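Notes follow once the structure below has been shown.
Here, each number is a calculation from the coordinates, and none is a lab measurement. Keep in mind that this is a model prediction, so the values were computed, not measured. Glycine also receives a Cβ, built like all others from the backbone with ideal geometry; neighbour counts cover every protein chain displayed.
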Amino acid sequence: MLSEKMNDALNVQANRELYSSYLYLSMSYHFESVNMKGFAHWMRLQAGEELVHTMKMLDYVAGKGGKARMLAVEAPRFTWDSPLQAFQHVWDHERVVTGLIKTLVKVAEEELDEETTEFLQWYIKEQVEEEESSDSVLSKVKAAGNDKGALEAADRLLGQRSFRFPRGFEIFPK
Ligand SMILES: [Fe+2]
Ligand SMILES: [Fe+2]
C-alpha cells in the first residue's frame, strides 16, 4: 500500500511526464508549421514516449491500490525561434525532469517504501538515455548552425527515428 504522501508525489510526477508529452507535441506541431518534417516526427515520437512514462507511473499507482488522479496539465509554449532554441529547451527540460525523479526517489526512501524506490530505478535509467539522446540532437543542431543544408540533413536524419509503443501501452494500433 502506498502512503498518501507517496501516492501524491507519484501523481504529481505523472503529471510532469504528461506535461513533457504535451511540450514535445507542441514542438512537433511547431516544426510541422515551419516545414521541418523530420524534427516534427522526432518530437511526435518523443511525445509518445512521455505518454508511456505517464501511464507506466499511473499503472503502478493503480496496481498498488492507490488512486491515479489526473491533475491539470500546464500549457507549454507553442513557438520557438530556431531548432537550436527548441532542442536547448528539450535538453534543459530533461535535466529538470532528472532532478524531479531523484527527488521522488528521496521521498520513497523517506517513506521507507522499498518497492517504489525499486520501481523508480527504471525512470532513473530512462533519464540517462533521455539526456543522452537530447544531447546528441542538440550537438547536431549546434554543429549545423545557420547552414541550411546541414539543418536539412539533421532534419532528414531525425525523420528516421522509430518507436513502438511497448506491450500493454499500445495506444495507436497499426
Ligand atoms: Fe519522461
Ligand atoms: Fe523525457
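Nearest 10 degrees is fine. How inclined is helix 4-33 to the longest principal axis of the chain, computing both from alpha carbons?
10
For the chain, set up a Gaussian network in which alpha carbons nearer than 10 Å are linked by springs, and say which option among Ser134, Ser33, Ser20 fluctuates the most.
Ser33
Taking the chain as a Gaussian network, Cα atoms linked when under 10 Å apart, which of Asp113, Asp147, Asp135 shows the biggest mean-square fluctuation?
Result: Asp147 has the largest fluctuation of those listed.
State whether the stretch 20-96 is rounded, prolate or oblate according to the following rule on the C-alpha gyration tensor (a ≥ b ≥ c being the square roots of its eigenvalues): a/c under 1.5 gives rounded; otherwise a/b larger than b/c gives prolate, and the remaining case gives oblate.
Prolate, since a/c reaches 1.5 and a/b exceeds b/c.
Report the extension gain between Asp59 and Asn35 in nm, rounded to one decimal, defined as 0.36 nm multiplied by the number of residues separating them, less their alpha carbon distance.
Working it through step by step, the gained length comes to 5.0 nm.
Over the chain, what is the relative contact order in percent, taking alpha-carbon pairs closer than 8 angstrom and at least six residues apart?
Reported relative contact order: 31 percent.
Can you give me the orientation-averaged projected area of the convex hull built on the Cα atoms of the chain, in nm²?
10.1
Just to verify a number: FRET efficiency for Ser3 and Lys102, C-beta to C-beta distance, R0 = 22 Å, to 0.05?
0.70
Where does helix 37-63 land angle-wise versus the long Cα axis of the chain, in degrees 0 to 90, nearest 10?
0
Between Leu84 and Thr117, what is the FRET efficiency for a Förster distance of 30 Å, r being their Cβ-Cβ separation, to the nearest 0.05?
Computed FRET efficiency for Leu84 and Thr117 comes out at 0.20.
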